[in-house]
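Derivation of every value follows stated rules applied to the coordinates shown; laboratory data play no part. These numbers were taken from a predicted model, which means no experiment stands behind them. Please note: Cβ atoms are built from the backbone with ideal geometry, for glycine as well, and neighbour counts cover all protein chains shown.
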Amino acid sequence: MGFKCGIVGLPNVGKSTLFNALTETQAAQAANYPFCTIEPNIGNVAVPDDRLDKLAAIAGSQKIIPTQLAFVDIAGLVRGASKGEGLGNQFLGNIREVDAIVHVLRCFEDDDIQHVENKVDPVADAETVETELLLADLESLEKRVPAFQKKATGGDKEAKAAASVLGQALDLLRAGKPARLTEPKDIEEERILKQAQLLTVKPVLYVCNVEEAHAATGNAHSAAVFARAEAEGAQAVIVSAAIESELVAMEPDERMLFLEEMGLHETGLARVIRAGYELLHLLTFFTVGPKEARAWTVHTGATAPEAAGEIHSDFQKGFIRAETIAFADYVALGGEAKAREAGKLRAEGKGYVVQDGDVMHFLHS
Ligand SMILES: Nc1nc2c(ncn2[C@@H]2O[C@H](COP(=O)(O)OP(=O)(O)OP(=O)(O)O)[C@@H](O)[C@H]2O)c(=O)[nH]1
Ligand SMILES: [Mg+2]
């Protein structure tokens, strides 16, 4: 389906370093100067999920295929970006195309790495970047809302809904608050808000890029970011981009050993990917057989035919029913045949809303 997380932040904070580690490539140039990245880099990342390994072991699947999430490495934003500073308009346009924002904040001290504002202060940096996103949204709505209001007085129903929901967003932005706090009254308003492609509507994950020594515990800078995230109801994770880029070059057992030495039990990347997944309100369902065990992604609230459509559009068109086993039942009972015997294989119809972890088999004409 192609859900995209955009990696956003000030220049030279480690965005491309993180992107390369996430995608296990050197696709993005990472170097010690601001605006190293101009054109966005995009890469698909496998979403780690140990449930998939459990299912594959039970079914004796030959192949394991995880689901994927796309990450986009975007150029650094600077103060004034919303007024076109530092190619700001182009970079803000790149952010418009992603579904969620992974905001990388420099939390490491290193005099050799230049900071565009000449001091390490991730909370101030977060504000700088967010202010630019906010100003860009403000400018776009200041133009559009009055036009909708005018049309609404003429009795246009859609314009009325747009004036209401976008007017609400505009009021928030004018008060310095992100448009994600807007509360649409119904699905129609929700749709209009989504179509408006505002930057501050997108969910945000803060990634605190700390020095190697603080990868497990974080530091005073990351603590300040966590406090801010909590106040906003946002998510934050601690990562050392430098460590992550070393880790991807290692063999799996070497990697485990290294992680243990650092006091970590999983890579920071796994945390970033999972948090990104949660941020997007996605859920995973599985298809399991002797040939392959595979994880698939749908939006929370997706129906069984929509899930079938992820596999093939014909499955959705000709959908008859979905034989469904909950993950816990599949594992507890030891596979499909036994789940069926125990009456835990459900025949679900068109209206079924897929649950995270469902093991599904689609029957279609
Ligand atoms: N000491 C230290 N240096 C880091 C860390 N992460 C990144 N760097 C260095 O910081 C510099 C900038 O990293 P990039 O990944 O290119 O930064 P960016 O945010 O993509 O920069 P732009 O594309 O210019 O916006 C590089 O020299 C990296 O090696 C870190 O965790 N610790
Ligand atoms: Mg870069």
Review point. Local charge sum around Gly309 (other residues, Cβ-Cβ under 14 Å, Lys/Arg +1, Asp/Glu -1)?
Key: -1
Exercise for review: Using amide H atoms built 1.01 Å from N in the peptide plane, name the residues 5+ places from Phe3, or on other chains, whose amide H lies under 5 Å from its own.
Suggested key: Ala70
Review point. Expressed as a whole number of Å, what is the distance separating the alpha-carbon centroids of the stretch 76-127 and the stretch 189-228?
Key: 12 Å
Point to revise | Peptide ranges 63-71, 212-220, 248-256 listed from the most packed, as the mean C-beta count within 10 angstrom indicates | key: 63-71, 212-220, 248-256
Practice item. Just add up the charged neighbours of Cys36: K/R +1, D/E -1, any other residue whose Cβ is under 12 Å from the Cβ of Cys36. Key: -1
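Contour minus end-to-end for Leu181 and Asp111, with contour as 0.36 nm per residue of separation and end-to-end as the Cα-Cα distance? Provide the component values of the computation, followed by the final result.
Details: separation 70, 0.36 × 70 = 25.20 nm, distance 3.80 nm.
Additional length available on full extension: 21.4 nm.
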Check your understanding: Where the only charges are on Cβ atoms (+1 Lys, Arg; -1 Asp, Glu), what is the dipole of the stretch 301-364 about its Cα centre, to the nearest 20 debye?
Key -> 200 debye
Exercise for review: Treat the count of other C-beta atoms within 10 Å as a stand-in for reagent exposure and order Glu336, Glu232 from fewest to most.
Suggested key: Glu232, Glu336
Point to revise | Rounded to 5, the percent of DSSP beta bridges in the chain classed as antiparallel | key: 50 percent
Revision key, fill the gap. Mean separation of Cα contacts under 8 Å (at least 6 apart) over the residue count of the chain, i.e. the relative contact order in percent, is 18 percent
Review point. Roughly how many Å is it from the Cα centre of the stretch 337-352 to that of the stretch 142-165, as a whole number?
Key: 48 Å
Practice item. Starting from the Cα coordinates of the stretch 298-365, work out the convex hull volume and express it per residue in Å³. Key: 75 Å³
Practice item. Report relative contact order for the stretch 164-287 in percent, whole number only (criteria: Cα-Cα under 8 Å, sequence separation at least 6). Key: 21 percent
Review point. Using θ = phi - 60° and the Karplus form 6.51 cos²θ - 1.76 cosθ + 1.60, what ³J(HN,Hα) does each residue of the stretch 172-182 get, whole Hz, x for Gly and Pro?
Key: 4, 4, 5, 8, x, 10, x, 5, 5, 7, 4
Study note, to complete from the structure: GNM of the chain, Cα pairs under 10 angstrom: of Cys36, Cys107, Cys208, the biggest fluctuation goes to Cys36
Review point. Which pairs in the list Lys4/Lys54; Lys83/Lys119; Lys83/Lys194; Lys160/Lys194; Lys83/Lys202 are over 18 Å apart, alpha-carbon to alpha-carbon?
Key: Lys4/Lys54; Lys83/Lys119; Lys83/Lys194; Lys83/Lys202
